[in-house]
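Inspection log for the structure reproduced underneath, given as C-alpha cells.
Computed from the coordinates by the stated procedures, all read-outs in this text should not be read as laboratory data. Note that this is a predicted model, so its numbers are computed, not measured. Methodologically, a virtual Cβ is constructed for each residue, glycine included, from the backbone with ideal geometry; neighbour enumeration extends over all protein chains shown.
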Amino acid sequence: MSIHNPANVESPRICWYLLKRYTGVFDISYLDYQSLRVSQGHLIITKYDQIELLTIHSYADNIIERKEERSMNGLKLVGFKEQHLHSLQDYISALNMILLVNNKTNHLTGYVAPIVADWPGQIFIRKALHMRTLPNLQNSFPHELEAFLPILGPLHLSLNSREQVLIIYHSFFEKLFHFVFGERKKLAKKPRPWRINLILELAQNGWIKIKSKIIEKFGQTCKDIEYRMMIDLLDNLIPSTLDIYATLFRLGQFDAYIETVF
C-alpha cells in the first residue's frame, strides 16, 4: 500500500478539519485561548529558561545551553557529499547515497523513511515521487523512492513562521527596534534567527504589560483595520510562533501543537 496521497495536499480535507474539529478555536485570541486551556487543566506549560528560549534556533557550538543538543553522539553517518541542492537531480543524487546502502541491506523494504526537509526538499522530492507515477517516466526513477516521506519538521516550521511574521510586519518591527536600540542601529530585511527571536520576545512582553489598557481604550468591538491588524499580530501571530516549537512541541503537547499550526 502506498503511503503517499495521490492528491498531494487536499484543500477540502483541511476545510473539513477547520469546520468540524477546530470550530470555536478562532473565536478568541491565541493568548486568551492558551490562558483558558491552562486554567482548565487542558494544557500544561512549563516555563523554560529565558536564555534557552532566545537561543533555541542558534547552532553555534560555543553556546553552553546548546552543547548537548548539538552533540553528534549516537549519529550514524552513512555518506557525506557536498552539493548545491538546487535541482531535482541534486536531491536524487543525495537520496541515491541511502539507496546504495539499501541495495546491500534492504532496510527500506516494507518501511517508511521520513525525510525532515525545508521547502526545497519538500518540493523536489515530492516532484520526483509524482514523476515516478507517470507511465513514460517510471523507469527514470528507482522504485525505492516510494519509501521516502518528506515532512516539514517543527523546527523548520518555527523558523519559517518567525521569519515570515517579521518580514510581513517589518515596518512595525523596525520602529520597535529603533525605539529600543537607537535610530542608528539597522534592522536587516531578513535578520538572523537570534535577532528575530529577541524582537518577537520584546514585542510579546511589552504587549502583555499594556494589553488590558489598550483593549479598555478601544473596546472589544473596534473594527478599525489598522487596530485589528495590530491586535492580530500581537495577540495571535507573535505568541503562537514563539510557542509552537520552543514550548508546545518540546513539551510533547502534540494536540496543542497541531491546533496552533491550524
- Message: Full-extension gain between Phe254 and Lys223, please, as 0.36 nm times their residue separation minus the C-alpha to C-alpha distance.
- Response: 7.8 nm
- Query: Convex hull over the Cα atoms of the range 187-262, averaged projected area in nm²?
  - Reply: 6.5
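Past 25 Å, Cα to Cα, is the threshold; run Lys20/Lys209; Lys189/Lys223; Lys175/Lys217; Lys81/Lys104; Lys190/Lys213; Lys47/Lys211 against it and keep the listed order. Working shown, then result.
On the way: Lys20/Lys209 35 Å; Lys189/Lys223 30 Å; Lys175/Lys217 22 Å; Lys81/Lys104 20 Å; Lys190/Lys213 32 Å; Lys47/Lys211 21 Å.
In this structure, Lys20/Lys209; Lys189/Lys223; Lys190/Lys213 exceed 25 Å between Cα atoms.
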- Task: Quick one: order Ser35, Ser29, Ser71 by neighbouring beta-carbon count within 10 Å, fewest to most.
- Result: Ser71, Ser35, Ser29
- Please report, for the Cα atoms of the range 88-152, the Rg to one decimal and the Dmax as a whole number; what are they, in angstrom? 11.4, 31
- Note on the structure: With the convex hull built on the alpha-carbon atoms of the range 222-262, volume per residue in Å³ sits at 63
- So what is the 222 nm mean residue ellipticity for the chain from helices alone, if each DSSP H run of at least 4 adds -39500 (n - 2.57) and you divide by all residues, rounding to the nearest 500 deg cm²/dmol? -15500 deg cm²/dmol
- Go through 3-13, 121-131 and give me the packing order, highest mean Cβ count within 10 Å leading. 121-131, 3-13
- The simple spin-label model distance between Leu19 and Lys190, using points 7 Å out along Cα→Cβ, in nm, is 3.8
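Could you tell me what a quarter of the Cα convex hull surface of the range 71-202 works out to, in nm² with one decimal place? Kindly include the intermediate steps, with their values, before the conclusion.
On the way: hull surface 45.9 nm².
Taking the Cα atoms of the range 71-202, their convex hull projects to 11.5 nm² on average.
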- Note on the structure: For the chain, longest principal axis from Cα atoms; helix 119-132 axis from its Cα atoms; angle between them, nearest 10 degrees, is 40
- Task: Report, to the nearest 10°, how far helix 30-39 tilts away from the longest principal axis of the Cα atoms in the chain, using its own Cα long axis and a range of 0 to 90°.
- Result: 90
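Consider all pairwise Cα distances in the chain and report the whole-number % of them above 28 Å.
Cα-Cα pairs in the chain separated by more than 28 Å: 50 percent.
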